[in-house]
Amino acid sequence: YNNLIWLKRSYVKMLLVTFLVNLLIVLFLFSFSKSIILTLFGESYLSSEKLFKILLVGFLFSGTFRVVSGNFLASLGKVNQNLLLAIIAGVLNVTLDYSLIEKYSTFGAEISTAFTMFFSGILGSLF
């Protein structure tokens with residue numbers, strides 16, 4: 001709390017570094033998704049490649065924004081805000097799952113999860 005300018009600069013630097021590292025991870029996994037799925041799970045799971053890529057996009061935002069904002073909130077002693085964010089994300093995910101899975105099956109679940117990851121990541125940055 002004593003040095004708000006330093007905290008803001010540190011937060012932005014951490015977001016940038018985390019985003020770049022996560023982007024490299026996502027690009028690598030995205031590029032080799034077919035090979036990864038074949039190696040780890042076999043040919044019968046190749047149809048999940050599109051779902052894997054959707055989750056990677058969600059991870060990019062959640063792994064960047066949610067992780068960094070969650071750690072900053074915890075370090076500032078704002079545990080209640082972190083808890084509130086987790087509850088909002090949980091309710092959103094269950095609600096979207098309920099409405100999308102029946103209509104779109106596993107694709108609906110992936111969209112729900114990716115959107116929730118994206119939303120909670122961005123929302124976490126606003127706290």
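The values are calculated or read from the model by the stated rules, or taken from the named source; none is laboratory data. All values derive from a computational prediction rather than experimental measurement. Positions of Cβ are backbone-derived with ideal geometry, glycine not excepted, and every protein chain shown enters the neighbour counts. With ligands, DNA and RNA removed, areas are computed over all heavy atoms of the protein, side chains included. Shrake-Rupley method; radii C 1.70, N 1.55, O 1.52, S 1.80 Å.
If only residues of region 72-127 that are open to solvent by 50 Å² or more (accessible area, probe 1.4 Å) and hydroxyl-bearing (Ser, Thr, Tyr) are counted, the one that is farthest from ILE54 (Cα to Cα) is SER75.
Scan region 1-11 for residues that are free of Cβ contacts under 8 Å to residues at least 24 places away in the same chain and either in contact with a Ser or Thr (Cβ under 6 Å, 6 or more places away or on another chain) or open to solvent by 90 Å² or more (accessible area, probe 1.4 Å) (or both) and jot them down.
Within region 1-11, the subset free of Cβ contacts under 8 Å to residues at least 24 places away in the same chain is 2-6, 8-10.
Scanning region 1-11 gives ASN2, LEU4, ILE5, TRP6, LYS8, ARG9.
For region 40-47, the condition holds for at least one residue, the condition being that it is open to solvent by less than 90 Å² (accessible area, probe 1.4 Å), over 16 Å from the mean Cα position of the chain (by Cα) and either more than 22 Å from LEU123 (Cβ to Cβ) or hydroxyl-bearing (Ser, Thr, Tyr) (or both).
Exactly one condition in (1) more than 11 Å from the chain's Cα centre (by Cα); (2) open to solvent by 60 Å² or more (accessible area, probe 1.4 Å); (3) not β-branched (Val, Ile, Thr) is not met by PHE59; state its number. Unmet for PHE59, out of (1) more than 11 Å from the chain's Cα centre (by Cα); (2) open to solvent by 60 Å² or more (accessible area, probe 1.4 Å); (3) not β-branched (Val, Ile, Thr): (1).
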